[in-house]
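Peer 1: Take a look at the following structure, please.
The values are calculated or read from the model by the stated rules, or taken from the named source; none is laboratory data. Bear in mind the structure is a predicted one, so any value in this text is a computation, not a measurement. Using ideal geometry, Cβ is built from the backbone for each residue, glycine included, and neighbour counts are taken over all protein chains shown. Note: accessible area is taken over every heavy atom of the protein model, side chains too, but ligands, DNA and RNA are not part of it. Shrake-Rupley method; radii C 1.70, N 1.55, O 1.52, S 1.80 Å.
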Amino acid sequence: MHRNAELIEKFYRAFAALDADTMASCYAPDVEFQDPVFTLHGKRETAGMWAMLCHATRTKGADVWKLDYSGIQADERSGRAHWDAHYRFSATGRMVLNRIDAEFTFRDGLIATHRDRFDFWAWSRQALGPPGLLLGWTPPLRKKVQATARGNLDNFLKSS
């Protein structure tokens, strides 16, 4: 297994255990992260997001948390993986199964870019219930979710 594939494996093994510190150790200082909810710059924001999510899961949903990952592939420059997160969305208490495809680039043995892709409408139907079903495909709901998530992250970072 290529060392960058081992790095991805380390990252998801830590995530499954809700170990945000080990997850953070996998990132370059200037890492760039993007998914349908967050666009983050640097290790402080990116590692902070995972710390916030791990904390919320430990305190409000550890009883149902499960992470499955597969399809890890990597070479010297890039990599990919698939992961499924089974969890209780802390804001609503609703159960979610989010299926995510991840792409990575590497520099100096660390993750330099991390992009997660998932179906936002499928996620919003599960996480938000009827509002997600009716409006999850619309840009205004996506922007509201993004703004709320960003505000939560900023508050988490201030308190850390």
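Peer 1: Working only within region 126-136, note down all residues that are without any contact (Cβ under 8 Å) to a residue 24 or more places away in the chain and surrounded by 15 or more Cβ atoms within 10 Å (Cβ to Cβ).
Peer 2: The answer is Gly132, Leu135, Gly136.
Yes or no, residue by residue, for (1) in contact with a Ser or Thr (Cβ under 7 Å, 6 or more places away or on another chain); (2) over 15 Å from Asp35 (Cβ atoms); (3) open to solvent by 30 Å² or more (accessible area, probe 1.4 Å); (4) without any contact (Cβ under 8 Å) to a residue 40 or more places away in the chain:
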| residue | (1), (2), (3), (4) |
| --- | --- |
| Gly79 | no, yes, no, no |
| Ser90 | no, yes, yes, yes |
| Met95 | no, yes, yes, yes |
| Arg107 | no, yes, yes, no |
| Phe120 | no, no, no, no |
| Ser124 | no, no, no, yes |
| Leu141 | yes, yes, no, yes |
| Asn152 | no, no, yes, no |
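Peer 1: Continuing with the same structure: Residues Ala56, Ala74: which one is in contact with a helix residue (DSSP H, G or I) (Cβ under 7 Å, 6 or more places away or on another chain) and surrounded by 18 or more Cβ atoms within 10 Å (Cβ to Cβ)?
Peer 2: The match here is Ala74.
Peer 1: Taking into account only those residues within region 18-53 that are crowded, with 17+ Cβ neighbours inside 10 Å and of a type in the set (Phe, Trp, Tyr), which is nearest to Pro140 (Cα to Cα)?
Peer 2: Phe33
Peer 1: Suppose we filter region 1-27 for residues that are within 15 Å of Glu103 (Cβ to Cβ) and touching a strand residue (DSSP E or B) at 6+ places or on another chain (Cβ under 6 Å); how many remain?
Peer 2: Counting residues in region 1-27 that are within 15 Å of Glu103 (Cβ to Cβ) and touching a strand residue (DSSP E or B) at 6+ places or on another chain (Cβ under 6 Å) gives 6.
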